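Engineer: Encoded as structure tokens, here's the structure I'll be asking about.
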Amino acid sequence: MKQYHIWTIGCQMNKADSDHVANYLERAGLRQTEIVEEADFVLLNSCVVREHAEVKVVNKLRSLKGLKMSRPDITIALTGCMVDSRIDELKDRFPWVDLFFRPQQWDAFSEWGENRGLPILNQGETLVPQNPPVSAYVSIMHGCDSFCTYCVVPYRRGRARSRDLDEICCQVQNLVQHGTKEVVLLGQIVDAYGHDLPLKPDLADLLAALNSIEGVLRIRFLTSHPSYMSHKLIKAVADLDKVCEHISLPIQAGDNDVLKAMKRGYTAEEYGELVDHIRRTVLDVALSTDVIVGFPGETDEQFAKTMEVLQHTHFDKVHIAAYSPRPETTAARRLKDDVTPDQKEIRRAQAEALQNMIAAEINAAFLGQTVEVLVEDQRKGKWCGRTRGDKLVFFASKTGLLGQLVRVGIEKTSPFALQGTLA
Ligand code: SAM
Ligand code: SF4
């Protein structure tokens, strides 16, 4: 039987796209292999949001050159944000790659499959695997219209396009029938869902529809943009029993001039008011955010404002990235990347150290408490899952508990996870 191997780097969107390809290949009778040398079809799903990720993709691509030389019959394919409209340039750079297709542009991939007698894969078609994960990603919209000055995503993933509400409900129903318990709704600005659809449903409407599907235990959504987070949506999170009290709300910087240069569309004060409103409305809400340090022109004082926001807001989780100039973006074209790599690294490490202290403090408060966990996986002989607030919890049990909601008494905590025993 033919085998496939998929290597994915980057955001949850890429993971969801890779799952789509895997579902199609499984349906066509191929089987997954972890050993790339054994595969007949190799897909790399790339990310170029930061230079560091792009370097990893290029190295991975180079590592496949020898394999293609020794086995010319295999297909090597590249998708993800590295693939833009200039496919000829990529072909010149990586002549051993057989197939390039842009994220979500399934035509070229489908044509490759059809030429090999595989089933047709229609654009927009959703495929549900036989054994979906307990917690499954569901992309509810693609692309982004926001053009933050540092970000390459809109150039690579195109304009924002929301999927039809009924089609998403159908997919979730199907996933649940096959064993999924939690769905994580994905969009670059997930709270802008529906603005482009004829009847203009919004994310709160979609959450309400999904909340009524039998068998769904939990619903999450990410990533939200502060400018689109409506009071209606916040109330939906508070009122709908299956929607987890967990909001991912990137701030990116704590200084208003930096936010303006990033073209984020809000001030630090507006962000703070939004957080206050969320915390007043959604009891025990867990908040996570993204921060970029070392944006062009960022002074020590401006960075200190980001640190103040972290200190003041007490996020449960913070993704901290050093600014990386990306070709095509406004920041790369117009602003000098004048914060040195050393300064960026010092700021990144300072922000991370502060956040680790805050997360350790937040998690320590769970000591002695009993939490509800949806069991998602087994790692190193322990079961693991998440609380509604997205805390990773490990515990031991000899019984098979995958997909079940269990209660765990917390006995040990760290900034990154909780450990305990079944209550
Ligand atoms: N749409 C989301 C939002 O509005 O924040 C996030 C999507 S973006 C692909 C994921 C994260 O990558 C961003 O939140 C940002 O912190 C980081 N990022 C994007 N471009 C970057 C760049 N040029 N340098 C460093 N980090 C970057
Ligand atoms: Fe990138 Fe900004 Fe769109 Fe997020 S909202 S994907 S950071 S352009």
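The values are calculated or read from the model by the stated rules, or taken from the named source; none is laboratory data. Model, not experiment: these values are computed from the prediction. Here the Cβ positions follow ideal geometry from the backbone for every residue, glycine too, while neighbour counts run over all protein chains shown.
Engineer: So, of the residues in region 289-306 that are of a type in the set (D, E, K, R) and not in a helix (DSSP H, G or I), which turns out to be nearest to residue 335 (Cα to Cα)?
Structural biologist: Looking at the filtered set, the residue picked out is 298.
Engineer: Here are some residues: 321, 353, 349, 331. Which one is touching a Cys at 6+ places or on another chain (Cβ under 9 Å) and either assigned to a loop (DSSP other than H, G, I, E, B) or modelled with pLDDT of 95 or more (or both)?
Structural biologist: Residue meeting the stated conditions: 331.
Engineer: While we're on this one: Enumerate the pairs (first residue in region 144-169 and under 17 Å from residue 84 (Cβ atoms); second residue anywhere and in a helix (DSSP H, G or I) and of a type outside the set (A, V, I, L, M)) with beta-carbon separation below 6 Å, excluding pairs fewer than 6 apart on the same chain, so at least 6 apart or on different chains.
Structural biologist: Taking only residues 6 or more apart or on different chains, the pairs are 144/154; 147/154.
Engineer: Restricted to region 44-58, and to residues that are more than 9 Å from ligand 1 (Cβ to nearest atom) and under 15 Å from the mean Cα position of the chain (by Cα), which residue is surrounded by the fewest Cβ atoms within 10 Å (Cβ to Cβ)?
Structural biologist: Per the stated criteria, the residue is 53.
Engineer: Something else: Scan region 289-304 and tell me whether some residue there is crowded, with 16+ Cβ neighbours inside 10 Å, in contact with an Asp or Glu (Cβ under 6 Å, 6 or more places away or on another chain) and small (Gly, Ala, Ser).
Structural biologist: Among the residues of region 289-304, not one is crowded, with 16+ Cβ neighbours inside 10 Å, in contact with an Asp or Glu (Cβ under 6 Å, 6 or more places away or on another chain) and small (Gly, Ala, Ser), which makes the answer no.
The rows are residues; the columns are (1) among the small types (Gly, Ala, Ser); (2) closer than 19 Å to residue 136 by Cα.
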{"position": "190", "(1), (2)": "no, yes"}
{"position": "209", "(1), (2)": "yes, yes"}
{"position": "220", "(1), (2)": "no, yes"}
{"position": "226", "(1), (2)": "no, no"}
{"position": "236", "(1), (2)": "yes, no"}
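Engineer: Under 7 Å between Cβ atoms, at least 6 apart or on separate chains: pull out the pairs that start in region 247-259 with a residue that is more than 16 Å from ligand 2 (Cβ to nearest atom) and end on any residue that is charged (D, E, K, R).
Structural biologist: 254/305; 254/308; 255/305
Engineer: While we're here: Tally time: how many residues in region 72-97 are in contact (Cβ under 8 Å) with a residue 24 or more places away in the chain, out of contact with any Leu (no Cβ under 9 Å at 6 or more places or on another chain) and surrounded by fewer than 20 Cβ atoms within 10 Å (Cβ to Cβ)?
Structural biologist: 1
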